[in-house]
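To start, the structure under review is shown below, and the notes come after it.
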Amino acid sequence: MILFGLLLAAAPAWAADPLTGMWRTQAGRDGGYGHVRIAPCGDRLCGRLEQSFDAAGQSVPAPSGALILDGIAATGGGAYGDGRIVDPESRRDFAARLRLQGDVLEVAGCILTICRTAGIWQRVD
């Protein structure tokens, strides 16, 4: 009975999606980058900007909490999609295509069948 209780207590950790956590975005044109936290939102995943940095790595003011990824779902084999990615510079959103490989996340935004890379993100935690 005790073992059963321990297994139930550990179940949420097993259920955690490997995509959840803090990710460092690829540097933009100005060398700045952000930290995006990916977490459950309903039965999907969302990513919100938690902090922005300049090219020197110094924290800079930014719209903390800005939605970057919305409605992301696993599609199999380390791939994620079915959601949207928001370009924080233009505020346009695109169909999201992500591929997780260990602590590296390949991020792309697509219009119809044409996809453009949004960079390689590195896991922070």
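For segment 48-98, the set of residues classified as charged (D, E, K, R) and more than 16 Å from the chain's Cα centre (by Cα) consists of Asp54, Glu89, Arg91, Arg92, listed by residue number. Applying the criterion of at least 1 residues that are small (Gly, Ala, Ser), in contact with a strand residue (DSSP E or B) (Cβ under 8 Å, 6 or more places away or on another chain) and within 25 Å of Asp17 (Cβ to Cβ) to the strands (runs of 3 or more DSSP E) found wholly in segment 27-125 leaves 33-41, 44-53, 67-76, 79-81, 93-101, 104-111, 114-123. Among the residues of segment 53-69, some residue qualifies, meaning at least one is within 12 Å of Leu98 (Cα to Cα), surrounded by 14 or more Cβ atoms within 10 Å (Cβ to Cβ) and without any contact (Cβ under 8 Å) to a residue 40 or more places away in the chain.
Any residue at all in segment 111-125 that is surrounded by 17 or more Cβ atoms within 10 Å (Cβ to Cβ) and without any contact (Cβ under 8 Å) to a residue 60 or more places away in the chain? No, segment 111-125 contains no residue that is surrounded by 17 or more Cβ atoms within 10 Å (Cβ to Cβ) and without any contact (Cβ under 8 Å) to a residue 60 or more places away in the chain.
Taken together, the values in this text are just the output of simple stated rules run on the coordinates, not laboratory data. Keep in mind that what you see is a predicted model, and the values were worked out from it rather than measured. Backbone-built Cβ (ideal geometry, glycine too); neighbour counts: all protein chains shown.
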